[in-house]
Amino acid sequence: MDDNRVRTEIAKADTDNYEKIRISRIMIAAPSSGSGKTLITCGLLNLLKKKGLKPASFKCGPDFIDPMFHTKVLGTRSRNLDTFFTDPDTTRGLLARNAKDADLAVLEGVMGYFDGMGIDSSRAGASDLASVTDTPVLLIVPAKGVSRSVLPLIRGFLDFQEKRCIRGLILNRVSAGLYPRMKEMIEREVGIPVVGYVPVVKDCALESRHLGLLMPDEIASFQDRLDRLADVLDGTLDLSQILEIAGSAPALTVQKSNPEKYSTPDCGAAEQSGKECRSGKVRIGLARDEAFCFFYADNLDLLREMGAELVPFSPIHDACLPDNLDGLMLHGGYPELYGKELGENASMRESVRRAVTGGLPTLAECGGFLYLHRQLTDLEGNVWPMAGVFPESAYYTGRLTRFGYLTLTGGTMFGRDVGEIRSHEFHYYESEDPGSTFLARKPVGNRSWRCVRSTDTLYAGFPHLYFYANPGTAEAFIERCAEYHANRNL
């Protein structure tokens, strides 16, 4: 297997501003959602680990949950790549940066391969990401109950787009006896390699709930399932051929990194006032537990680059906020599943209420926004007290509410005009007052609405932010935290 290891290497490009970075990489995609992309991706990642390789993993699009499965397999944080949020240079740069120490990168697609942010667009979908990053694609082909009928399906996917990134096929839910004949037929009549198959594997399904898959830690014997799947794939996938296809990916043309691009003076406001900043950083409390678990790893890294020390705490298990904070982050997750635990932790609710109303710079997205309400009604109709920053209630609607990509305009972020903000929503809950600071518009169609409560010290609303879509949002937050630090130490 060592002969197949493809290490990242950097070669000098023809221009001063770009460099060529060679990364072995592959995308797992499918004709539709529910085709087993996450399960097969996790099984492949686990198999690569067992073979002594070091893969990096990525998820196409804004999904929070699928990367948690990758992370559970690899033990390192998986990343998102999203061509709605970031331009091609930034997208390629994030891929190169987060795969630099890996033997290869494995990207998981989203929805159907050609599905994008609208019914008439493939933009921001798996095919768009594959095209932008020149990543070879392995298409999962549903093969249960069919034989020659797979041929027009495969040909349609191969011919639909002028830039063809699909380099191989994996037949899903096919028997060991039928597979050799299916492989021979497809390769003879379509001329694309079939790199293996996945039989029906009992007890390896991944269960779902209203926001997507269950969390990995909620699935009984999750690691055992993945180990069984990896053992199966070891006998049904041609790993050498998969690595050969991954290694055929062309070098990425990436902008050279600028270490000062996203840096801000450590506690700049503190320096202006002559005060010392502890360790040269602002301390930001990061809510992180079962209820608050939806993070973009690149967001956290960018905040650290900008001079933040992130201090994890649990609104469920801890009695109060950490000491000496300069900012607070309440991300999304499942507060509705932990209403009882959050509601009964009165000391933490009071600690958060005092801090936010007292002017501690706070960023609260979706689930974090729900937590700041007076009360929250859970899925069973029970009403639980929350932090009480806002006097309104939040409640379950029984359906997805204002979901998908959107752009925010017309408002300010921590008192600063940062321009257009690309973001996304995905929630079954609603607020009696979701805010009105920003105008949200869908990128496709004419739908728009008011949202977000924003002040000089607060961003609170349903839209999730990806900081690389507009680094000014992170800069505005860090600058406000630095000012808070300076004033607190006067």
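The values are calculated or read from the model by the stated rules, or taken from the named source; none is laboratory data. Note that the coordinates shown come from a computational prediction; the quantities given were computed from them, not determined experimentally. Here Cβ is always computed from backbone atoms with ideal geometry, including for glycine, and neighbour counts include all displayed protein chains. The area values use the complete protein model at the heavy-atom level, side chains included, leaving out ligands, DNA and RNA. Shrake-Rupley method; radii C 1.70, N 1.55, O 1.52, S 1.80 Å.
Can you name every residue in the stretch 102-152 that is open to solvent by 10 Å² or more (accessible area, probe 1.4 Å), touching a strand residue (DSSP E or B) at 6+ places or on another chain (Cβ under 8 Å) and at negative phi? Give the steps one after another, and end with the answer.
At the first step, the residues of the stretch 102-152 found to be open to solvent by 10 Å² or more (accessible area, probe 1.4 Å) are 110-111, 114-123, 128, 131-132, 134, 142, 144-149, 152.
In the following step, the residues that additionally are touching a strand residue (DSSP E or B) at 6+ places or on another chain (Cβ under 8 Å) were identified as 110, 117, 134, 142, 144.
Selection gives Val110, Met117, Pro142, Lys144.
Considering only residues in the stretch 63-85 that are part of a loop (DSSP other than H, G, I, E, B) and modelled with pLDDT under 90, the one that is surrounded by the fewest Cβ atoms within 10 Å (Cβ to Cβ) turns out to be Gly75.
May I ask you to list the residues in the stretch 80-95 that are closer than 21 Å to Leu44 by Cα and touching a Ser or Thr at 6+ places or on another chain (Cβ under 8 Å)? Steps first, answer last, please.
If we filter the stretch 80-95 for residues that are closer than 21 Å to Leu44 by Cα, which is where we start, we get 80-81, 95.
Scanning the stretch 80-95 gives Leu81, Leu95.
How many residues are under 26 Å from Ala394 (Cβ atoms), surrounded by 19 or more Cβ atoms within 10 Å (Cβ to Cβ) and not small (Gly, Ala, Ser) if we restrict to the stretch 435-480? The total comes to 17. None of Phe84, Phe58 is of a type in the set (Phe, Trp, Tyr) and closer than 26 Å to Asn172 by Cβ except Phe58. Just one residue in the set Glu305, Glu309 is out of contact with any Phe, Trp or Tyr (no Cβ under 9 Å at 6 or more places or on another chain), of a type outside the set (S, T, N, Q) and over 21 Å from Gln375 (Cα atoms); that residue is Glu309. On inspection, Gly168 does not qualify as out of contact with any Asp or Glu (no Cβ under 6 Å at 6 or more places or on another chain), without any contact (Cβ under 8 Å) to a residue 40 or more places away in the chain and under 25 Å from Leu233 (Cα atoms).
For the stretch 406-429, which residues satisfy the criterion of being open to solvent by 20 Å² or more (accessible area, probe 1.4 Å), among the polar types (S, T, N, Q) and within 22 Å of the chain's Cα centre (by Cα)?
Taking the stretch 406-429 and keeping what is open to solvent by 20 Å² or more (accessible area, probe 1.4 Å), we get 407, 409-410, 412, 415-420, 422, 426, 428.
Retained after the next criterion (residues that are among the polar types (S, T, N, Q)): 407, 409, 412.
Thr407, the sole residue that qualifies.
So is Arg349 assigned to a helix (DSSP H, G or I) and more than 25 Å from Gly472 (Cα to Cα) or not? Write out each step before concluding.
Numbers: assigned to a helix (DSSP H, G or I): yes; more than 25 Å from Gly472 (Cα to Cα): yes.
For Arg349, the condition - assigned to a helix (DSSP H, G or I) and more than 25 Å from Gly472 (Cα to Cα) - is met.
The number of residues in the stretch 86-101 being touching a helix residue (DSSP H, G or I) at 6+ places or on another chain (Cβ under 8 Å) and crowded, with 24+ Cβ neighbours inside 10 Å comes to 1. Across the stretch 362-384, not a single residue is classified as exposed (fewer than 15 other Cβ atoms within 10 Å of the Cβ), at pLDDT below 95 and part of a strand (DSSP E or B). Scanning for something free of Cβ contacts under 8 Å to residues at least 12 places away in the same chain, of a type in the set (D, E, K, R) and surrounded by fewer than 17 Cβ atoms within 10 Å (Cβ to Cβ), does the stretch 277-285 turn up at least one residue? Looking for residues that are free of Cβ contacts under 8 Å to residues at least 12 places away in the same chain, of a type in the set (D, E, K, R) and surrounded by fewer than 17 Cβ atoms within 10 Å (Cβ to Cβ), one finds none in the stretch 277-285, hence no.
In the stretch 218-232, what count of residues is obtained for those that are assigned to a helix (DSSP H, G or I) and modelled with pLDDT under 55? Break it down into steps so the answer makes sense when it comes.
We begin by selecting, within the stretch 218-232, every residue assigned to a helix (DSSP H, G or I); these are 218, 222-232.
Narrowing the set further to residues that are modelled with pLDDT under 55 leaves 218.
Total satisfying the criteria: 1.
A count restricted to the stretch 160-201 and to residues that are farther than 25 Å from Arg228 by Cα, at pLDDT 95 or above and either part of a loop (DSSP other than H, G, I, E, B) or not hydrophobic (A, V, I, L, M, F, W, C) (or both) stands at 11.
Taken over the stretch 155-174, the criterion of being buried (at least 20 other Cβ atoms within 10 Å of the Cβ) and within 16 Å of Asp115 (Cα to Cα) is satisfied by Phe157, Cys165, Ile166.
Keeping to the stretch 396-431, report how many residues are outside any loop (DSSP other than H, G, I, E, B) and on the phi > 0 side of the Ramachandran plot. Give the steps one after another, and end with the answer.
Filtering the stretch 396-431 down to residues outside any loop (DSSP other than H, G, I, E, B) leaves 396-409, 413, 416, 421-431.
Keeping just the survivors that are on the phi > 0 side of the Ramachandran plot gives 398, 402, 404.
Within the stretch 396-431, residues that are outside any loop (DSSP other than H, G, I, E, B) and on the phi > 0 side of the Ramachandran plot number 3.
Do the conditions hold for Ser57, that is, is it in a strand (DSSP E or B), among the hydroxyl-bearing types (Ser, Thr, Tyr) and either within 30 Å of Ile421 (Cβ to Cβ) or open to solvent by 40 Å² or more (accessible area, probe 1.4 Å) (or both)? Taking the combined requirement at face value, the residue satisfies it. Looking at this structure, is Ala482 closer than 14 Å to Gly359 by Cα and either outside any strand (DSSP E or B) or in contact (Cβ under 8 Å) with a residue 12 or more places away in the chain (or both)? For Ala482, the condition - closer than 14 Å to Gly359 by Cα and either outside any strand (DSSP E or B) or in contact (Cβ under 8 Å) with a residue 12 or more places away in the chain (or both) - is met.
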